[in-house]
């Protein structure tokens, strides 16, 4: 698989640079550079290396989500992703959805306020509930997203198995909680 070869090359390149003497001073720069390369490989999208996001205006999760949905990459279809590993990852999550898989959407949020303020590079959405995903090469990163995906998760296949299953389960569980809240208040029944 071409993707896995590119991923292994990226991981080798990163390991070699980590062994160099200057790495301690430049570790944040390396993590950003390789993180963006991994985002490009896995998501099919990333920011240019010279772009550093700083947003002064905070948006809560709901508003950041709505804004992000309106600024998807040109030509990108959240119901049928095709860039990077998105198709395979999306299909893996969809395969674990026992009902309503056709309603599943997968949004890219790299470079948005959702990414900056809420730490999500991508978001699965289904029946009004969401699950956030962070794609990172930094094993020490304290992430805010529901799921964090590393190159090792992709290489081992875990991303298409236990992580995809976990995302599907979390979507269903959040939906059931939402429905139970409505039915408790007599809004749905």
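Mind listing just one residue for me: the one in segment 84-105 that is farther than 20 Å from residue 176 by Cα and in contact with a strand residue (DSSP E or B) (Cβ under 8 Å, 6 or more places away or on another chain) and, of those, surrounded by the most Cβ atoms within 10 Å (Cβ to Cβ)? Step through it out loud before you land on a result.
In the first step, residues of segment 84-105 are kept if they are farther than 20 Å from residue 176 by Cα; the result is 84-92.
From what is left, the residues that are in contact with a strand residue (DSSP E or B) (Cβ under 8 Å, 6 or more places away or on another chain) are 86, 89-90.
Details: 86: 20, 89: 24, 90: 21.
Here the answer is 89.
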Return the only residue of 67, 39 being closer than 22 Å to residue 151 by Cβ and at pLDDT 65 or above. 39
In segment 129-136, is there at least one residue being out of contact with any strand residue (DSSP E or B) (no Cβ under 8 Å at 6 or more places or on another chain) and in a strand (DSSP E or B)? yes
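Would you check which residues across segment 147-169 are buried (at least 18 other Cβ atoms within 10 Å of the Cβ), in a helix (DSSP H, G or I) and free of Cβ contacts under 8 Å to residues at least 24 places away in the same chain and list them?
Step one: of segment 147-169, the residues buried (at least 18 other Cβ atoms within 10 Å of the Cβ) are 147-151, 153-154, 159-160, 163-164, 167-168.
So of that shortlist, the ones also in a helix (DSSP H, G or I) come out as 151, 153-154, 159-160, 163-164, 167-168.
Those that are buried (at least 18 other Cβ atoms within 10 Å of the Cβ), in a helix (DSSP H, G or I) and free of Cβ contacts under 8 Å to residues at least 24 places away in the same chain: 153, 163.
The values are calculated or read from the model by the stated rules, or taken from the named source; none is laboratory data. The model shown is predicted, which means the values in this text are computed figures rather than measured ones. Glycine also receives a Cβ, built like all others from the backbone with ideal geometry; neighbour counts cover every protein chain displayed.
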